[in-house]
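Notes for the one structure printed next.
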């Protein structure tokens, strides 16, 4: 009898492990960039078909932690709050500080004698917060580190003109920031224990000239992620110098680069996908651009210390939600268990 009770007790202790519910991490480039501040809020309040389709995609896939990119943010997260209030969403925890997109640098970066061009912002954007990032979570978020003030020159070579001269004026180049939007490291308190979440949205490696400035910047942003996840310490925007915390990590990003196709430089991306700390799952196209065909540019890369239960890309054939959504990207998700 005593032996039977002991066996039953051991089985009882094992139940929570087997009864764990997987946590779904996802990312989606929403394509919700508008021509001016406040326009997205109006579209959300008007419940435009595009907005409601995106909300429907999120509701159907039901991520527990979701990184949105290409979303116009604002100082008080009014637009994000209105979007989050739509039926089926209502995430209790949000994080969406303004990044470098549309943030005026005060410099004449494109050397045309003016300082109010889009190309004179720290990152491309029509206004501050333009096409920014937002994190929605069903679990508490804490201890956020931001790396928006890192210098581009510390992560790769500067672009050059065809004659070999520097593309950026020598007094400008040392000041240029690495992050075209944002680079975040945030702790997420899962029921089974904390994980670190890395979020990023590097610049597209196109829309430039022979100097390949955007291609070099895209590679440099991926290079930061590679070095950080490999254990190198960096100074965050609060002045703290530290390496990535010793706990499981998950990377959520629109890296704007495919490991095989397109115009991006691929060294850093391929190293990330092959990194011994990360699992390269959900390996499928996430966009289908007319100029390139299907490409994989959106990623959810979980730590090898986590158990991957399932993964995928939301791309059902003949989906009315996808037909109504203006974004050309597809939501990528991964279900994990943390023991």
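The values are calculated or read from the model by the stated rules, or taken from the named source; none is laboratory data. Just so it is clear, the structure is predicted and the values come from calculations on it, not from any experiment. Because the Cβ atoms are built from the backbone with ideal geometry, glycine has one as well, and the counts that use them run over all protein chains shown.
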(message) As an exercise: evaluate residue 339 against (1) touching a residue at least 12 places away in the same chain (Cβ under 8 Å); (2) in contact with a strand residue (DSSP E or B) (Cβ under 6 Å, 6 or more places away or on another chain) and give the number of the one condition it does not meet.
(response) (2)
(message) All but one of (1) out of contact with any helix residue (DSSP H, G or I) (no Cβ under 8 Å at 6 or more places or on another chain); (2) within 28 Å of residue 335 (Cα to Cα); (3) outside any helix (DSSP H, G or I) hold for residue 203; state the number of the condition that does not hold.
(response) (1)
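Would segment 131-151 turn up any residue that is closer than 26 Å to residue 325 by Cα and assigned to a loop (DSSP other than H, G, I, E, B)?
Checked against the condition, which is being closer than 26 Å to residue 325 by Cα and assigned to a loop (DSSP other than H, G, I, E, B), segment 131-151 yields at least one hit.
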(message) I need the full set of residues from segment 311-339 which are under 24 Å from residue 248 (Cα atoms) and part of a strand (DSSP E or B), in order please.
(response) 311, 312, 313, 332, 333, 334, 335, 336, 337
(message) Taking the conditions exactly as written (at pLDDT below 95 and either over 26 Å from residue 176 (Cα atoms) or crowded, with 18+ Cβ neighbours inside 10 Å (or both)), does residue 139 satisfy them or not?
(response) no
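What strands (runs of 3 or more DSSP E) completely inside segment 14-125 contain at least 3 residues that are surrounded by 18 or more Cβ atoms within 10 Å (Cβ to Cβ) and in contact (Cβ under 8 Å) with a residue 40 or more places away in the chain?
Fully inside segment 14-125 and qualifying: 23-32, 65-71.
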(message) Within segment 232-250, does at least one residue satisfy the condition of being closer than 23 Å to residue 28 by Cβ, in contact (Cβ under 8 Å) with a residue 60 or more places away in the chain and under 16 Å from the mean Cα position of the chain (by Cα)?
(response) yes
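Within segment 274-291, is there a residue that is touching a residue at least 60 places away in the same chain (Cβ under 8 Å), surrounded by 19 or more Cβ atoms within 10 Å (Cβ to Cβ) and within 21 Å of residue 214 (Cα to Cα)? Spell out the reasoning first.
Of segment 274-291, the ones touching a residue at least 60 places away in the same chain (Cβ under 8 Å) are none.
Within segment 274-291 (the criterion being touching a residue at least 60 places away in the same chain (Cβ under 8 Å), surrounded by 19 or more Cβ atoms within 10 Å (Cβ to Cβ) and within 21 Å of residue 214 (Cα to Cα)), the answer is no, since none of the residues qualifies.
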